[in-house]
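Student: This is the structure I have questions about; it appears just below.
The values are calculated or read from the model by the stated rules, or taken from the named source; none is laboratory data. Just so you know, these numbers come straight off a predicted model, no measurement behind them. Virtual Cβ from ideal backbone geometry, glycine too; neighbours counted across all protein chains shown.
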Amino acid sequence: MGTRGWANLRHALETSEGALDDALGMEVFAHFQQHPGDAAMFDAAMSSVSRQEAIAIREAYDFSQFDTLIDVGGGRGLVLASLLETNFNLCGVLCELPNVAESAHPLLGRYLTDGRCRIEAGDLCTAVPTGGDAYLLKRVFVVLDDDRARRVLRNCRDAIAGDGRLLVAEPDPSTLYGRLYDVFMLMAHGTGLRAEAEMPRTSERVSAIPIESTARPKKT
């Protein structure tokens with residue numbers, strides 16, 4: 001699937017539209033809904049990166065201060081499971097698309113059993129679970145244009161507790177990894193990384209949500 005996008009890279013460079021979306025004839029996540037095999041392959045690739053990112057996020061921020069963490073677009077739950085493992089008083093909610101959420105049970109199983117975690121399937125551009133005092137968005141904004149990013153922020157604003165925190169974790173666009181990832185995202189989605197200073201601008205039309213920290217995943 002990915003080779004079709006790279007072969008169509010010129011389209012992205014000329015139009016700033018996703019080369020992969022154009023090659024598939026639909027948005028890639030719509031394609032994933034229709035092709036579970038491709039979705040599983042993509043999710044496995046993202047999970048391999050998430051193992052390193054989970055360590056970086058866990059070390060970058062003190063999650064022990066929170067009662068309930070909502071991991072918005074958290075894939076198969078690898079990062080959430082890592083945070084629950086090291087923060088014994090923390091409860092978690094994984095919010096993901098239905099076909100991805102179904103695959104989160106192996107990683108989150110024991111936390112589901114002991115009542116410290118639940119999974120809510122849904123579209124983060126439509127709504128996110130309510131009641132959390134921390135919301136984590138890891139590599140979510142990078143796949144969204146400004147309009148959809150504002151929609152997600154608005155949904156978080158509506159759902160988050162009054163003194164809650166929104167945590168954004170994205171690759172650093174000033175590093176070699178960040179620049180290469182930026183090109184990949186242009187190919188795949190017609191989007192790109194936002195510098196840390198640009199993050200609040202995405203939400204300038206949304207009521208204030210404290211963006212407490214941008215955790216920079218470590219390079220390996």
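Student: Can you name the residue in segment 104-136 that is touching a helix residue (DSSP H, G or I) at 6+ places or on another chain (Cβ under 9 Å) and polar (S, T, N, Q) and is also farthest from M46 (Cα to Cα) among such residues?
Tutor: It comes out as T130.
Student: Going through segment 151-179 one residue at a time, which ones are out of contact with any Gly (no Cβ under 7 Å at 6 or more places or on another chain), crowded, with 17+ Cβ neighbours inside 10 Å and either modelled with pLDDT under 85 or within 20 Å of R58 (Cα to Cα) (or both)?
Tutor: R165, L166, L167, V168, A169, E170, P173, G178
Student: Only residues that are touching a Ser or Thr at 6+ places or on another chain (Cβ under 9 Å), free of Cβ contacts under 8 Å to residues at least 40 places away in the same chain and closer than 20 Å to L107 by Cα: list them for segment 16-54, please.
Tutor: Residues satisfying the conditions are R51, A54.
Student: Looking at (1) among the small types (G, A, S); (2) under 20 Å from G2 (Cβ atoms); (3) under 16 Å from the mean Cα position of the chain (by Cα), which is the one condition that is false for A56?
Tutor: It fails just one condition, (2).
Student: If you don't mind, there's one more thing I want to ask. Could you tell me whether A134 is of a type in the set (G, A, S), free of Cβ contacts under 8 Å to residues at least 60 places away in the same chain and surrounded by 22 or more Cβ atoms within 10 Å (Cβ to Cβ)?
Tutor: Here the answer is no, as A134 does not meet what is asked.
Student: Also, I was wondering about something else. Output the residue which, of all residues in segment 79-95 that are β-branched (V, I, T) and buried (at least 21 other Cβ atoms within 10 Å of the Cβ), is farthest from the chain's Cα centre (by Cα).
Tutor: V93
Student: What do you reckon, is E59 at pLDDT below 85 and surrounded by fewer than 15 Cβ atoms within 10 Å (Cβ to Cβ)?
Tutor: Criteria met by E59.
Student: Tell me, which residue of segment 118-127 that is among the hydrophobic types (A, V, I, L, M, F, W, C) and within 7 Å of C95 (Cα to Cα) is surrounded by the fewest Cβ atoms within 10 Å (Cβ to Cβ)?
Tutor: A121
Student: Shifting gears a bit: So which residues in segment 96-115 are outside any helix (DSSP H, G or I) and within 17 Å of the chain's Cα centre (by Cα), if there are any at all?
Tutor: Correct list: E96, L97.
Student: Shifting gears a bit: With respect to E120, is the statement that it is of a type in the set (D, E, K, R), touching a Phe, Trp or Tyr at 6+ places or on another chain (Cβ under 8 Å) and either within 25 Å of S64 (Cα to Cα) or at pLDDT below 85 (or both) true?
Tutor: no
Student: Suppose the filter is over 22 Å from P98 (Cα atoms), among the small types (G, A, S) and modelled with pLDDT of 80 or more; does A30 pass it?
Tutor: Values: over 22 Å from P98 (Cα atoms): no; among the small types (G, A, S): yes; modelled with pLDDT of 80 or more: yes.
Criteria not met by A30.
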